[in-house]
Structures are given as structure tokens and as C-alpha cells.
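**Q** Here it is, the structure in full.
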Amino acid sequence: MNYKLFCDSTCDLTDSLAKELDIEIIPMQFCLDDKNYKHYLDEREMSMEDFYKALKNGADAKTAQVQFDTFAEHFEPVLKEGKDIIYICFTSGMSGTYNTCKIAVEELKEKYPERKITVIDSLCASAGEGYLAYLAGKKMQEESPSFDELCKYIEDMKMKIVHWFVVDDLDQLKKGGRIGALSATFGKALQIKPLISVDNEGKLLAVAKIRGNAKVFTTLVDRIKRDGVDLENQTIFVAHAECPEKAEKLKELLSPLVKEVITVKIGPIIGTHVGQGMCAALCVGERNLT
């Protein structure tokens with residue numbers, strides 16, 4: 001195949017899975033107490049354990065979109081090799097990365113007019129973006145589609161990615177302005193946890209409130225059973241923000257329903273906003289935002 005598949009590190013794939021599927025990853029940036037880091041899937045600059053520990057200790061975390069020059073740095077060597085590029089980008093509903101990339105690509109197209117560069121707005125976040133990239137990578141491996149065929153497949157699939165997240169750390173949502181201080185206080189006292197999905201504009205959407213830890217798992221499993229299509233033949237994702245025990249329990253509950261469950265970790269780009277303890281399940285199906 002004369003093209004290369006790219007994604008950014010917001011996708012939260014494992015490093016080994018990205019390499020296995022030959023997906024090149026563009027690092028995203030985050031800032032912790034005024035110190036800048038790039039998030040690589042191999043966690044070379046900061047481990048997820050250290051990142052979430054810092055959040056728990058009150059560190060101020062911020063995220064930043066991929067810089068203009070970074071795209072040229074990653075894309076140009078591939079273009080020089082005579083290959084085309086498909087880039088699955090972090091949702092435009094949460095980041096300016098997509099728009100910045102489009103500007104960078106216009107400049108690169110002037111320099112390499114014979115090459116194709118397609119930037120796909122995933123309208124997905126975190127492991128949802130990673131799940132879309134995983135499906136594209138598997139398609140590429142197993143069927144060797146043409147450039148245009150893979151682009152069409154990704155566009156067709158992106159609105160079929162079902163995301164369900166339960167957030168545990170209400171303090172981090174409060175810091176990010178997602179909920180008020182009073183809501184966070186009462187939420188913690190009553191053990192209320194938001195059930196979140198991603199809407200059709202690629203933005204996080206609070207759908208319901210779950211009371212108590214036990215209902216977290218049944219709620220996620222019920223949503224996957226309700227929304228998933230042909231689940232028994234699917235490989236699905238379970239994702240967690242430094243809470244492997246929760247992820248393992250969720251995997252055990254979902255495994256009898258599907259062909260395979262892959263577990264991934266939620267990195268600092270979304271982790272900054274949701275904090276430690278978030279658990280998620282993702283599959284292919286029909287989005288139902290209720």
C-alpha cells in the first residue's frame with residue numbers, strides 16, 4: 001500500500017497495538033504545573049501512574065493542541081518517500097487540532113502536489129478515537145484497501161463508534177468547569193457519578209447520573225448490550241484512567257458477550273478533564289444518547 005495511516009496520541013491505544021497495526025502516532029502536548037510534556041504512547045516523558053498521582057495531589061494540568069510545525073515534521077518524511085497520508089484526528093468538538101492540521105496540510109499540498117493527504121475529523125475522543133484507528137488499522141492489514149476505500153471506511157465507521165464513560169473524580173470535572181463546586185460536593189457525598197457519551201458533534205455529553213459503584217458496571221454493560229450491533233463477532237475496547245481493577249471487572253462482564261476485549265489506558269489529554277478512576281466501554285453500533 002502506498003499510503004501511511006496516522007493518528008494522534010489522544011487515541012490512547014497501547015504503544016504495542018499502534019506498532020502492530022503500523023499506525024504512526026503524533027504526540028499531543030500537556031502541561032503539569034507549568035512544565036510542558038509530550039504524550040507518547042510509550043509514556044517516555046511521563047508515566048500514566050505519575051500523571052494521575054500528580055492530579056490527585058492537586059497539580060494544575062492543562063492540554064494543548066498539536067502545533068502547526070509538528071504536522072510537517074511527521075508528515076513530510078512520508079511524503080518524501082512518495083506515500084500518501086490518512087490522518088485520523090482528535091475530534092474538532094474538543095480541540096483546535098483538526099483546524100490547525102488542515103492549514104498545515106494546505107501548505108504541504110503546495111509542496112507535494114502529487115501526493116494525497118486526507119485529514120479525517122474522528123468526532124471521537126480518547127479511546128473512541130483509538131477504537132476507530134484500531135478498526136482502520138485492522139481493515140488495512142486484513143484487506144489491503146485502496147487509499148480512497150480506507151478513507152470511505154473510516155468516514156462510514158466514525159458515527160458508529162459507541163462511547164460510554166463513567167467519571168469517578170468529580171473534583172477534576174469541577175476544575176475544568178464541567179460542574180460547579182456545589183454539584184461536586186453533593187455528588188461525592190451521595191456517590192453520584194456522571195455517565196458520559198460523545199455527541200454527533202464530537203463533544204462530551206453528560207447523559208445520566210449513576211448512584212453507587214455497583215451500578216457503574218451494570219450501566220456500562222447494559223448500554224453496550226443495548227447499542228452494540230453483532231456484538232458476538234466484535235472486538236471491543238475497555239478503557240480506564242489508572243484504575244486497572246475496574247477495567248478488569250468490566251472486561252470480565254463484557255467478555256461473554258463479544259469475540260474479544262482489548263484494554264487500553266486513558267492518557268493525559270482526556271485524563272486532565274476526567275481525572276483518575278474513569279472507566280469506559282466502546283463498541284460498534286448505533287449511537288443512542290439517552
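The values are calculated or read from the model by the stated rules, or taken from the named source; none is laboratory data. If you're wondering where the values come from, they're calculated on a predicted model, not measured in any experiment. Neighbour counts run over all protein chains shown; Cβ positions are idealised from the backbone, glycine included. Accessible surface is based on the protein model in full, side chains and every heavy atom, while ligands, DNA and RNA are left aside. Shrake-Rupley method; radii C 1.70, N 1.55, O 1.52, S 1.80 Å.
**Q** Go through Gly130, Gly187, Gly176 for me and flag whichever is closer than 23 Å to Thr97 by Cβ and modelled with pLDDT under 85.
**A** Gly176
**Q** Can you spot a residue in the range 202-224 that is at pLDDT below 95, among the hydrophobic types (A, V, I, L, M, F, W, C), open to solvent by less than 60 Å² (accessible area, probe 1.4 Å) and touching a helix residue (DSSP H, G or I) at 6+ places or on another chain (Cβ under 7 Å)?
**A** Looking for residues that are at pLDDT below 95, among the hydrophobic types (A, V, I, L, M, F, W, C), open to solvent by less than 60 Å² (accessible area, probe 1.4 Å) and touching a helix residue (DSSP H, G or I) at 6+ places or on another chain (Cβ under 7 Å), one finds at least one in the range 202-224, hence yes.
**Q** Another question, if that's okay. Please find, within the range 269-290, the residue that is farthest from Val166 (Cα to Cα) out of those that are aliphatic (A, V, I, L, M) and surrounded by 24 or more Cβ atoms within 10 Å (Cβ to Cβ).
**A** Looking at residues that are aliphatic (A, V, I, L, M) and surrounded by 24 or more Cβ atoms within 10 Å (Cβ to Cβ), I get Ile269.
**Q** Given the conditions (1) open to solvent by 20 Å² or more (accessible area, probe 1.4 Å); (2) closer than 30 Å to Ile192 by Cα, which single one is not true for Trp164?
**A** Exception for Trp164: condition (1).
**Q** Which fully enclosed helices (runs of 4 or more DSSP H) of the range 62-171 have 3 or more residues being under 18 Å from the mean Cα position of the chain (by Cα)?
**A** Hits in the range 62-171: 97-111, 127-143, 147-158.
**Q** Can you name every residue in the range 255-268 that is touching a helix residue (DSSP H, G or I) at 6+ places or on another chain (Cβ under 9 Å), assigned to a helix (DSSP H, G or I) and surrounded by fewer than 23 Cβ atoms within 10 Å (Cβ to Cβ)?
**A** Once the filter is applied, which keeps residues that are touching a helix residue (DSSP H, G or I) at 6+ places or on another chain (Cβ under 9 Å), assigned to a helix (DSSP H, G or I) and surrounded by fewer than 23 Cβ atoms within 10 Å (Cβ to Cβ), the range 255-268 yields only Leu257.
**Q** Same structure, new question: Picking from Ile236, Ile192, which residue would you name as being in contact with a strand residue (DSSP E or B) (Cβ under 7 Å, 6 or more places away or on another chain), closer than 22 Å to Gly271 by Cβ and modelled with pLDDT of 90 or more?
**A** Only one candidate qualifies: Ile236.
**Q** Before we move on, is Lys246 modelled with pLDDT of 85 or more, assigned to a helix (DSSP H, G or I) and over 26 Å from Lys4 (Cα atoms)?
**A** yes
**Q** Mind counting the residues in the range 33-50 that are touching a Ser or Thr at 6+ places or on another chain (Cβ under 9 Å) and open to solvent by less than 30 Å² (accessible area, probe 1.4 Å)?
**A** Going through the range 33-50 one residue at a time, the tally reaches 2.
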